[in-house]
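Q: Take this structure first; my questions come after.
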Amino acid sequence: FSVDLWYNSRRSPDPVGLVTVASTFRVLLYPTGKRILVDVFGTDGKRTYDGFSCPVKVGSWQHLALTYGPGQGVIVYLDGQPVYTNPADLGGPVPMAGPLRLGSDSDPMLPRHFSGLLGGFRIWNKVLTQKEIAQIMQDERPALTGVFRGSNDLSPKLPPAAAIPVGSSKQLLF
């Protein structure tokens, strides 16, 4: 599977959730510490849980993609470049067992709420290649114009996407 999204983060000393599905996967961002934490579960009962330093920018749009496939391992891309690779085979992806949360950790009671803008979120039922991720970025970056206009404004501007029927296996994993 693959997950990709755009984010524009405000400063935060603590980890904040970008995208999580309990017992399936999660991506946490440490905006001030310039770190990302990735947590992916596999059907073999194995798990990848790693934090790593990378060029996180506060106050500007960045594209993040997470890919996982049996035999291919976990790769995290930031602005189209791989910033983390773990070749461990975890088995197949764990089916979604809980709610999908954007901007929050898997436990909404934890104070790990994202502060900033999110846009262009997608879950794919395949492992995207670096070339496909670069194409997504090229297609969307010119239209990404969201700016902070107040504490309650979450309105990034993205180009309109083609509608995908609910339950389609073309793009959505779950």
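Q: Take the residues of segment 21-36 that are over 21 Å from Pro95 (Cα atoms) and part of a strand (DSSP E or B): which is most open to solvent (accessible area, probe 1.4 Å)?
A: Arg35
Q: Return the residues of segment 49-69 that are surrounded by fewer than 18 Cβ atoms within 10 Å (Cβ to Cβ) and hydroxyl-bearing (Ser, Thr, Tyr); say none if nothing qualifies.
A: Within segment 49-69, Tyr49, Ser53, Ser60 meet the criteria.
Q: Residue by residue through segment 74-99, note down the ones that are within 16 Å of the chain's Cα centre (by Cα) and over 22 Å from Met137 (Cα atoms).
A: Once the filter is applied, which keeps residues that are within 16 Å of the chain's Cα centre (by Cα) and over 22 Å from Met137 (Cα atoms), segment 74-99 yields Pro93, Met96, Pro99.
Q: Separate question: Going by the structure shown, is Gln72 open to solvent by 40 Å² or more (accessible area, probe 1.4 Å) and more than 19 Å from Trp6 (Cβ to Cβ)?
A: When the stated conditions are applied, Gln72 passes them.
Q: If you don't mind, there's one more thing I want to ask. Please find, within segment 112-135, the residue that is surrounded by the most Cβ atoms within 10 Å (Cβ to Cβ) out of those that are part of a strand (DSSP E or B) and hydrophobic (A, V, I, L, M, F, W, C).
A: If we take residues in segment 112-135 being part of a strand (DSSP E or B) and hydrophobic (A, V, I, L, M, F, W, C), then Leu117 is surrounded by the most Cβ atoms within 10 Å (Cβ to Cβ).
Q: Further question: Taking into account only those residues within segment 75-111 that are at pLDDT 85 or above and hydroxyl-bearing (Ser, Thr, Tyr), which is surrounded by the fewest Cβ atoms within 10 Å (Cβ to Cβ)?
A: Looking at the filtered set, the residue picked out is Thr85.
Q: For segment 5-13, does any single residue satisfy the condition of being within 22 Å of Asp107 (Cα to Cα), open to solvent by 10 Å² or more (accessible area, probe 1.4 Å) and in contact with a Pro (Cβ under 6 Å, 6 or more places away or on another chain)?
A: Yes, there is a match, as at least one residue in segment 5-13 is within 22 Å of Asp107 (Cα to Cα), open to solvent by 10 Å² or more (accessible area, probe 1.4 Å) and in contact with a Pro (Cβ under 6 Å, 6 or more places away or on another chain).
Table: residues versus (1) touching a Phe, Trp or Tyr at 6+ places or on another chain (Cβ under 8 Å); (2) over 15 Å from Ser23 (Cβ atoms); (3) of a type in the set (A, V, I, L, M, F, W, C); (4) part of a loop (DSSP other than H, G, I, E, B).
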{"position": "Phe41", "(1), (2), (3), (4)": "yes, no, yes, no"}
{"position": "Pro55", "(1), (2), (3), (4)": "no, yes, no, yes"}
{"position": "Tyr77", "(1), (2), (3), (4)": "no, yes, no, no"}
{"position": "Arg101", "(1), (2), (3), (4)": "no, no, no, no"}
{"position": "Asp105", "(1), (2), (3), (4)": "no, no, no, yes"}
{"position": "Gln138", "(1), (2), (3), (4)": "no, yes, no, no"}
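The values are calculated or read from the model by the stated rules, or taken from the named source; none is laboratory data. Just so it is clear, the structure is predicted and the values come from calculations on it, not from any experiment. Here the Cβ is made from the backbone with ideal geometry for all residues, glycine too, and neighbour counts use every protein chain on show. In case anyone asks, the SASA skips ligands and DNA or RNA and just uses the protein heavy atoms, side chains included. Shrake-Rupley method; radii C 1.70, N 1.55, O 1.52, S 1.80 Å.
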